[in-house]
Amino acid sequence: GRTVRARAVLLATGVVDHHPDLPGVERAIERALVRICPICDGYEAIDKAVAVIGTDDKGAREAAFLRTYSDRVALIHIGAAEDLTCRDELARLGIEIVCGSIDDVRLENDRVTALSWGGTFRSFDLVYSALGTSPNAGLADALGAGVGEDGRLFTDPHQQTSVPGLYAAGDVVRGLNQIAVATAEAAVAATDIHNRLRKAEGMVIPS
């Protein structure tokens, strides 16, 4: 291997999305029929039949978020029964709950024509996966950077981790997973790195 020395490092290693283990799911994702970010494109679900696949209350919260756009939202709960604790709230919001593992996905034109579980078929316009993510924070963790319970990195207001000179931006940092947020965090980090290096070289005028 090759050793690279640097006075500062900015990590933007992101996360790995957890996709449902379904036949044909990659093709459905490519066609934007199975999606992972309702904050990004939830407006495209307006008045459509939407399914949310989840294993716990995170799926329920995502279904509730999408209920803003459509009154035809179903939560397909594929986890343990006891992991879904907000059934009354889902009922109050008019969100249907379907429990059981999905065994087939069928695509036709611009629709997920059928999700099948136990021989029962349902059709949807869009399917959202609410199965979470895994942060790519292994390198920072190995260096001793502070990591939250969700595996994401803690940073200060300048995007520096608990390790001096090690910065992080984007989805690997605790916060909202959005390109606009990641870009802004990178700009904050780059500015601080630039200023720190200039100061170390005596290239700043003290205020």
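Here is the figure for region 15-37: residues that are within 30 Å of A186 (Cβ to Cβ) and out of contact with any Gly (no Cβ under 6 Å at 6 or more places or on another chain) total 12. For region 166-191, filtered to residues that are among the charged types (D, E, K, R) and surrounded by 19 or more Cβ atoms within 10 Å (Cβ to Cβ), the residue that is farthest from the chain's Cα centre (by Cα) is E185. Might you check whether a residue that is touching a residue at least 12 places away in the same chain (Cβ under 8 Å), in contact with an Asp or Glu (Cβ under 8 Å, 6 or more places away or on another chain) and surrounded by fewer than 15 Cβ atoms within 10 Å (Cβ to Cβ) occurs anywhere in region 33-44? No, every residue in region 33-44 fails to be touching a residue at least 12 places away in the same chain (Cβ under 8 Å), in contact with an Asp or Glu (Cβ under 8 Å, 6 or more places away or on another chain) and surrounded by fewer than 15 Cβ atoms within 10 Å (Cβ to Cβ). Of the candidates L153, L115, the single residue that is buried (at least 21 other Cβ atoms within 10 Å of the Cβ), at pLDDT below 85 and aliphatic (A, V, I, L, M) is L115. If you go through region 63-83 and keep only what is in a loop (DSSP other than H, G, I, E, B) and either over 16 Å from R35 (Cα atoms) or touching a helix residue (DSSP H, G or I) at 6+ places or on another chain (Cβ under 6 Å) (or both), you end up with T68, Y69, S70, D71, R72, I78, G79, A80.
Yes/no per residue for (1) part of a helix (DSSP H, G or I); (2) under 20 Å from the mean Cα position of the chain (by Cα); (3) over 16 Å from L115 (Cβ atoms):
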site	(1), (2), (3)
A28	yes, yes, no
A32	no, yes, yes
I39	yes, yes, yes
E44	yes, yes, yes
A51	no, yes, no
R61	yes, yes, yes
T85	no, no, yes
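If you go through region 136-173 and keep only what is among the charged types (D, E, K, R) and not in a helix (DSSP H, G or I), you end up with E149, D150, R152, D156, D171.
Residues in region 58-90 that are among the acidic types (D, E) and surrounded by 17 or more Cβ atoms within 10 Å (Cβ to Cβ): E62 only.
In summary, S129 fulfils each of the numbered conditions (1) more than 30 Å from A32 (Cβ to Cβ); (2) buried (at least 17 other Cβ atoms within 10 Å of the Cβ); (3) not acidic (D, E) with the single exception of condition (1). Being farther than 15 Å from A187 by Cα and either touching a helix residue (DSSP H, G or I) at 6+ places or on another chain (Cβ under 9 Å) or surrounded by 14 or more Cβ atoms within 10 Å (Cβ to Cβ) (or both) is the filter here, so list the residues in region 156-165 that pass it. Hits for region 156-165 are T161, S162, V163, G165. For H194, the conditions (1) surrounded by 13 or more Cβ atoms within 10 Å (Cβ to Cβ); (2) modelled with pLDDT of 95 or more all hold with the exception of (1).
The values are calculated or read from the model by the stated rules, or taken from the named source; none is laboratory data. Computed from a prediction, not measured in an experiment: that's the story for all the values here. Backbone-built Cβ (ideal geometry, glycine too); neighbour counts: all protein chains shown.
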